[in-house]
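Chemist: Next up is a structure, given as structure tokens.
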Amino acid sequence: MIAATEQLGTYLESFTEFQKRAAGRDLPWLQNLRESAFARFCEVGFPTTHDEDWRFTNVSPIAKTSFELSRDATVTKQEVKRLGVAGLGCQLVFINGKFSRGLSAIGQLPAGVSVNSLAEEISANSNSVESHLGRYLDTHRDSFSALNTAFAEDGGYVHVRRGVVLTDPIYLLFVSTANDKPLMSHPRNLIVIENEAQATIVEDYVSIGETAAFSNTATELIAGENAMVSHYMIEREHRQAFNISTLRIQQGRSANVSSHSVLLGGGLVRNNVHPVLAGEGGECLINGLFIGNGHQHLDNYMQVEHASPHCASRQFYNGILDDHAHGVFHGRIIVHKDAQKTDAKQTNRNLLLSDDARIDTKPQLEIYADDVKCTHGATIGQIEENALFYLRSRGIDEISARKLLLLAFANECLDRMAPSVARDHVENLIHAHLLLIANSVKPLSTVARNEDLGRNVEEIG
């Protein structure tokens, strides 16, 4: 591992200053949580490619950069409107990881629903936070989670009480801004959906300006018995951004949770999703799409733990990569000894649009029970030329034909999302991004294109 002492001075200085002003600095339990996490980070440092979980992702650009804690910045309502989603009743906006009440609109929430910034909730009602914060995230194994916990202060706080059905999504918009020095932020989200409640949560990460920025976010999502939760993670920052995100899901008996991840931006991105099906009869869908070009590096690490019997999980991740982009899918299913009658499936499909694009895919099963049904698989391919020529033979130009084929591939992800404002937002972003990709793909040479088109038209008849 990269020696923690290389950047320890910078992080220690930032942590010392942070402790003096952080929300809840006078709460012994929170102070101990932060200090223990920072000690763990100092002990292990940043991971390297010698760590099996980080085998395909080199984080040395993060480790070697001296980041400062994020600062206050001015963002206008017009900019937020342009970046966000219109028509949502509950929208929390965070600028460089800090809550902006003036840019947010919480609106009228149903009885039994609490939405706030985590920092304000810690100050006003620390007991509700203490019972969950830091209880589930694995800071011992993951140094980025330890670093996030050390600086945990602000982010989204959502609490939906028993039996409440929340029809409109709760939207959390995280905006990073340009600065003359590299900045880091560590948003921490706490989402508690009690027994028999229903909710949709959207996390959206965007950028203004293009300077180096490091967003290290963590979300703890607790779904009670018979709860139904849909969670969206959208990453569309600029190419100088580093984004490490971790979603830790704790599911109760018969809880049904869907996680939808869409990675479109960022230079170096790592998306961790870790659900634990702790109660019998739970169901979990892990659904994702990552689209990269240029020199983007998009890493998806899934770890699904079946800890109780009669649970089902599905993982479906699609990747589209062009230019020199590098994608990673590491999907791990762990079936514990007591998790009999587990039904788990894992599928990763990838399209490479150039000879220089690269995908590393590693489906993995660890099964310690003897009565289970588990499958996994991965495919890597290119756009089907016969399908492309068929569309062109029907009068569709090459760029439009490529976009149609890419959309068909991406729609596999969209089709797993329930109709909602959140799904519409994701669909619009994907369509716009794929249009750029289709326009950038180098077309066939004119001679080869005409010869192949004529040949294929004859074959099609």
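Chemist: Show the residue pairs that are 6+ apart or on different chains and have beta-carbon atoms under 8 Å apart, the first residue being within the range 70-93 and at positive phi and open to solvent by 30 Å² or more (accessible area, probe 1.4 Å), the second being part of a helix (DSSP H, G or I) and not aromatic (Phe, Trp, Tyr).
Modeler: 87/421
Chemist: Consider the range 298-322. How many of its residues are part of a loop (DSSP other than H, G, I, E, B) and either under 14 Å from residue 249 (Cβ atoms) or touching a Leu at 6+ places or on another chain (Cβ under 8 Å) (or both)?
Modeler: Here is the first cut: in the range 298-322, the ones part of a loop (DSSP other than H, G, I, E, B) are 307-311, 322.
After this cut, where a residue has to be either under 14 Å from residue 249 (Cβ atoms) or touching a Leu at 6+ places or on another chain (Cβ under 8 Å) (or both) as well, the list is 307-308, 311, 322.
Result for the range 298-322: 4.
Chemist: Answer with yes or no whether residue 321 is under 14 Å from the mean Cα position of the chain (by Cα), under 30 Å from residue 210 (Cα atoms), at pLDDT 95 or above and not basic (Lys, Arg).
Modeler: The answer is no for residue 321.
Chemist: Return the pairs, sorted by first residue and then second, in which the second residue is open to solvent by less than 80 Å² (accessible area, probe 1.4 Å) and polar (S, T, N, Q), the first residue lies in the range 9-28 and is within 16 Å of residue 133 (Cα to Cα) and part of a loop (DSSP other than H, G, I, E, B), the beta carbons are less than 8 Å apart, and the residues are 6+ apart or on different chains.
Modeler: From the range 9-28, the pairs are 24/31; 24/126; 25/19; 25/31; 27/126.
Chemist: I would also like to ask the following. Select from the range 259-283 the residues that are over 25 Å from residue 175 (Cβ atoms), assigned to a strand (DSSP E or B) and open to solvent by 10 Å² or more (accessible area, probe 1.4 Å) and list them in ascending order.
Modeler: Those that are over 25 Å from residue 175 (Cβ atoms), assigned to a strand (DSSP E or B) and open to solvent by 10 Å² or more (accessible area, probe 1.4 Å): 274, 276, 283.
Chemist: Report the residue count in the range 50-69 for those that are part of a loop (DSSP other than H, G, I, E, B), open to solvent by 50 Å² or more (accessible area, probe 1.4 Å) and within 19 Å of residue 214 (Cβ to Cβ).
Modeler: So the answer is 3.
Chemist: While we're here: Before we move on, is residue 308 among the small types (Gly, Ala, Ser) and free of Cβ contacts under 8 Å to residues at least 60 places away in the same chain?
Modeler: Yes; evaluated as a whole, the condition is true for this residue.
Chemist: Continuing with the same structure: Pull up the range 12-44, narrow it to residues that are modelled with pLDDT of 95 or more and aliphatic (A, V, I, L, M), then point me to the one that is surrounded by the most Cβ atoms within 10 Å (Cβ to Cβ).
Modeler: Selected residue: 37.
Chemist: Applying the selection to the range 329-380, what residues are within 26 Å of residue 407 (Cβ to Cβ) and more than 24 Å from the chain's Cα centre (by Cα)?
Modeler: 354, 355, 356 - these are the residues of the range 329-380 that are within 26 Å of residue 407 (Cβ to Cβ) and more than 24 Å from the chain's Cα centre (by Cα).
Chemist: Given the criterion over 11 Å from the mean Cα position of the chain (by Cα), touching a residue at least 12 places away in the same chain (Cβ under 8 Å), more than 15 Å from residue 283 (Cα to Cα) and crowded, with 21+ Cβ neighbours inside 10 Å, identify the matching residue among 211, 200, 217. Give the steps one after another, and end with the answer.
Modeler: Values: 211 fails: crowded, with 21+ Cβ neighbours inside 10 Å; 217 fails: over 11 Å from the mean Cα position of the chain (by Cα).
Only one candidate qualifies: 200.
Chemist: Now for a different question. Quick check on this structure: which one of 401, 344 is in contact with a Leu (Cβ under 7 Å, 6 or more places away or on another chain) and either part of a loop (DSSP other than H, G, I, E, B) or among the small types (Gly, Ala, Ser) (or both)?
Modeler: Exactly one of 401, 344 is in contact with a Leu (Cβ under 7 Å, 6 or more places away or on another chain) and either part of a loop (DSSP other than H, G, I, E, B) or among the small types (Gly, Ala, Ser) (or both), namely 401.
Chemist: Hey, among the residues in the range 94-132 that are under 23 Å from residue 162 (Cβ atoms) and acidic (Asp, Glu), which one's most open to solvent (accessible area, probe 1.4 Å)?
Modeler: Within the range 94-132, the match that is most open to solvent (accessible area, probe 1.4 Å) is 130.
Chemist: Do any residues in the range 388-414 that are farther than 26 Å from residue 285 by Cα have Cβ atoms under 7 Å from those of residues that are at pLDDT below 80 and outside any helix (DSSP H, G or I), where the two are at least six apart or on different chains, and which pairs are they?
Modeler: As it stands, the answer is 398/443; 402/441, since those pairs meet every condition given.
Chemist: Do you know which of the residues in the range 373-387 that are open to solvent by 50 Å² or more (accessible area, probe 1.4 Å) and without any contact (Cβ under 8 Å) to a residue 40 or more places away in the chain is nearest to residue 302 (Cα to Cα)?
Modeler: Checked the range 373-387; the qualifying residue nearest to residue 302 (Cα to Cα) is 375.
Chemist: Would you tally the residues in the range 49-63 being hydrophobic (A, V, I, L, M, F, W, C) and more than 14 Å from residue 144 (Cα to Cα)? It would help to see each step written out before you state the result.
Modeler: Going through the range 49-63, the residues hydrophobic (A, V, I, L, M, F, W, C) turn out to be 54, 56, 59, 62-63.
Checking the rest, the ones that are also more than 14 Å from residue 144 (Cα to Cα) come to 56.
Count: 1.
The values are calculated or read from the model by the stated rules, or taken from the named source; none is laboratory data. None of the values given here were measured: they were computed from a predicted structure. All Cβ positions, even for glycine, are placed from backbone atoms using ideal geometry, and neighbour counts span all protein chains on display. Side chains are part of the model used for accessible areas, which takes the heavy atoms of the whole protein and leaves out ligands, DNA and RNA. Shrake-Rupley method; radii C 1.70, N 1.55, O 1.52, S 1.80 Å.
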